[in-house]
Amino acid sequence: MKIGETDTGMLIAVRGATVWKQQRHYRYMRLGPFIFHTTDENKRELYTALQTAYFNVAHEHAFTGMLNLMQMPMRIANLLERWLQAALTKTLTDSLVLFDGSLTAGTPDAPTQQMKQLLATARNRDNAVLAFSKMTNLRTNGYLITDALPPHKPPCMLETDGLKQRPPMMLLGEVYVARLTSGSCAFRLDIDREIPPSERVEAVERLLGNDLLSQSYPETLRLAHILCTFTANEVIAMQRFITRQHHVKIVNRPDMHRLLFGPFGRGDVNA
Amino acid sequence: MKLYRKEGNILQILSFSNETVEKGDYLLVEDADAGKALIAQVIDVQFANVPGVLEELLRSLPDGGELIQGEDYDPLEIAPHITYIQDASLLICKIRATVENETLTPSSSWLPSRSQSTIRKLSVPMLLKLAKVDGKLPIVLGGTKDSSLLTIDASGLDGRLNIITGKKETGKSHLSKLLMLNLIGYKATVVVFDLNGEYISLGMTGDGKRNAHHDKVHVLTPSQNFKVSLKQLNLHVLLGILIHALHLPGTSAREFRRIWQSLKERDMLNLHELGEAIRNWQCNQHVRDALFSRYHALVNSGFFTDESGSMLLEECLFRAKENGGAIIVNLRNTSAIDRQLVVEYVLGKLVDLLTSWKLKVAFLFAEEAHLYLRETYWDDIVTRMRHFGIFTTFITNQPDTIKENIYRQADNIFLFNFTNEHDLDVVSRAARVDAETVRSIARDLPPHHCLTLGKVVRDFPMVVKVKALDVKTMGETRLFFKDAD
């Protein structure tokens, strides 16, 4: 997330977390916060440096597309997330690996080759990758797929078929709509499509038997989200760290919306 | 520390974990540009309302209420900063004064700069110096938290009404002994109504030897070494005893006055003749019965005698007048009626001696005064007797036994620990203190620590650990299991 602005750019903090369940207890590994100062001048250098350092991407094959400064918090966070996912698939065996998001590849944050390699590594170590998306744009008959689930008693999954792929994006997972517990929530669930269908269903069954599910969402993912979310208190602490370590003075920029429209102006959307 | 908010005379100051500030501490909020500073006392320490703390706490406990186990890889070492922010505290402070050109004023009407003000702890010696709590007659009450001594001036007790109160076994009697011995040291005359015989060994050290005060401590035990003959009594003192302690009705009192005058004219003032005179007096039978019953009460008390013995009380008072001294009226093992009788006599005698200027001043220490002081004396003591030169210190563990108007007029209050809300409410009615200070600080006082309020500390409430005394303690509770160890 963006934790402040400087004269030339912005300060970004990212943090990642993995959660696993072991002997009925949840444990976590949290990495970060990592703080970056990114500017229009250094954004590409920074992004390329991280890619080459952590994903074995040769400098000449690094991302060459457009990098928007405002999107840098998300881009760097995605790098960390992808790195964590890759590390997990390389270290776990015979496990269920839950990702936050989808298994869609071909985006700047999910290069196809990288994603394919990640899933292949997981498969080779007998891991099954399941990705839960809280939001989806996939629609069927004009409706979001998560709203189009027929009224079956949960746990249930609806296999989707014939979803259009828009190149260069490609779906590396078989897309399901899953309602795993009673309640109104349903999620898009991507399961590595190279896994045989019966094993995909078995993977979900193992998930149901091994993890707590609340509102159809796995507890491990919920905890990972909670653990890596920055609280206001942590943002203040990071700002304090920066001011003390780098002698940067934090300045509150005037909020133009508030300034112009008073109580009708929206708050700082980046806060 | 940073100034956060000011509301009325309450300051809220943000403090961090490396700044150790506790309740009772004084802070100096200096605004260099304004050339002024506020003196504020911390009356409560709260957690600062740091945004996100609730989320932080909640997410550390999601595993069925147990702390979730895990590892944090924190290469930049942000965690100490997070802890620093989370542990920030909010100091609720009461503004006590403004310092300008080294002069104190009780004003809190100005607002120091929030961004430019510097805040630091004000040591007790510095505060005492600023408040000019000094003098020629120092009494060291004890040590403060910053290891300095709290010294008051004995003149702060002169002409004042003092209250020492607190829960049982918090050190009230100890403080009253300390004050008393210091007053004796300055040649003051002290009279103590000692309900439990706690003060009778003030002249002895802890190991039973004579101490420096031995010759100045005079213990008077009614019916033993303290008796009075009728000849030594003034009629109005005796009438006071009869009316107030023995509840003699007015008509009977009038008859008694005639009997007394008749005996006095014939120089026959003794117990036997008084009894005979009542028996033979021409009056209503009910009046005679009333007089007889009081007469027997006087005789049975053992306090009155026909022996023309020494006038012990006067002698002791006059000796004390010369070099200072304490007259301990030992009321232990004295019945409730006899106690009132003795107290009426002593107070009457004191007023006599003071009004005739035979005595200049007497400091009266009254323990649990509600057990022997009649209703009307309370007002007398705080209003009338003050003008005669009786300056009272009440000592009690039941603050509600002292009337509200006494609290309102108290000049100094030495407050020990109380946890009961009702007790704190009662004490907080005192005019020289604000209720928040009393409620907040007194509740957390450890044993032997006293919150000193009033003129002796120039209205700067201060917490002090009362210093130890090398005198033989007699106020200990008798225990059944004492020897079990």
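The values are calculated or read from the model by the stated rules, or taken from the named source; none is laboratory data. Predicted model, so just to flag it, every value in this text is computed and none were measured. FYI the Cβ positions are ideal-geometry reconstructions off the backbone, even for glycines, and counts take in every protein chain you see. Quick note on the areas: whole protein, heavy atoms, side chains included, nothing else; ligands and nucleic acids left out. Shrake-Rupley method; radii C 1.70, N 1.55, O 1.52, S 1.80 Å.
Numbers below:
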item: Cβ-placed point charges (K, R +1; D, E -1), dipole of the range B:231-292 about Cα centre in debye, nearest 20; result: 120
item: Globularity ratio of the range B:39-99, using Cα Rg and 2.2 N^0.38 Å; result: 1.63
item: Value of D in µm² per second that Stokes-Einstein yields for the range B:87-159, Kirkwood Rh from Cα pairs, at 25 °C (0.890 mPa s); result: 166
item: Size-normalised alpha-carbon gyration radius of the range B:241-387, reference 2.2 N^0.38 Å; result: 1.14
item: Solvent-accessible heavy-atom area per residue, rounded to whole Å², over chain B at 1.4 Å; result: 47
item: q = 0.07, 0.10 Å⁻¹: log10 I(q)/I(0) that the Debye formula gives for the protein assembly as shown, counting C-alpha atoms only; result: -0.72, -1.02
item: Cα principal axis extents for the range A:1-83, largest first, Å; result: 49, 32, 15
item: Lysine pairs meeting the criterion (Cα under 24 Å, 8 or more apart or interchain), as found in chain A; result: 11
item: Residues A:Leu259 and B:Arg443, FRET efficiency given R0 of 51 Å [Cβ-Cβ distance, rounded to 0.05]; result: 0.60
item: The range B:314-415: chymotrypsin sites (Phe, Trp or Tyr not before Pro) falling in loop per DSSP and having at most 13 other Cβ within 10 Å; result: B:Trp357
item: Reachable lysines from B:Lys231, criterion Cα separation under 26 angstrom, eight or more residues apart if same chain; result: B:Lys264, B:Lys321, B:Lys349, B:Lys358, B:Lys360
item: Cα convex hull volume per residue for the range A:212-262 (Å³); result: 134
item: 10 Å-binned pair-distance histogram of chain A (Cα, whole percent); result: 6, 25, 31, 24, 12, 2
item: Of the DSSP H helices in chain A, those whose Cα atoms cover at least 27 Å axially and whose Kyte score averages -0.5 or more; result: A:72-91
item: Computed magnitude of the charge dipole of the range A:108-229 (debye, nearest 20; Cβ of K, R +1, Cβ of D, E -1); result: 300
item: Accessible surface buried upon A-B contact (total; probe 1.4 Å; Å², nearest 100); result: 2400
item: 5 angstrom amide H check on B:Gly206, placed H, neighbours 5+ away; result: B:Val471, B:Lys472
item: Spatial extent of chain B: Rg and Dmax, with the Cα atoms as the point set, Å; result: 28.7, 107
item: Coil-residue GluC sites (Glu not before Pro) of the range B:29-136, DSSP, other Cβ within 10 Å capped at 13; result: B:Glu77, B:Glu102
item: Kirkwood Rh and Cα Rg combined as Rg/Rh, the range A:172-271; result: 1.22
item: Bins of 5 Å, starting at 0 and running to the largest distance - Cα pair percent for the range A:157-208; result: 5, 17, 28, 24, 14, 9, 3, 0
item: Positive-end residue, the protein assembly as shown charge dipole about Cα centroid, Cβ charges, pick of A:Phe187, B:Ser107, B:Leu479; result: B:Ser107
item: GluC sites (Glu not before Pro) restricted to DSSP loop in the range A:1-106 with at most 12 other C-beta within 10 Å; result: A:Glu41
item: Inter-chain Cβ neighbour average for residues A:106-116, partner chain, 10 Å; result: 0
item: Per principal axis, descending, Cα span of the range A:99-228 in whole Å; result: 37, 35, 33
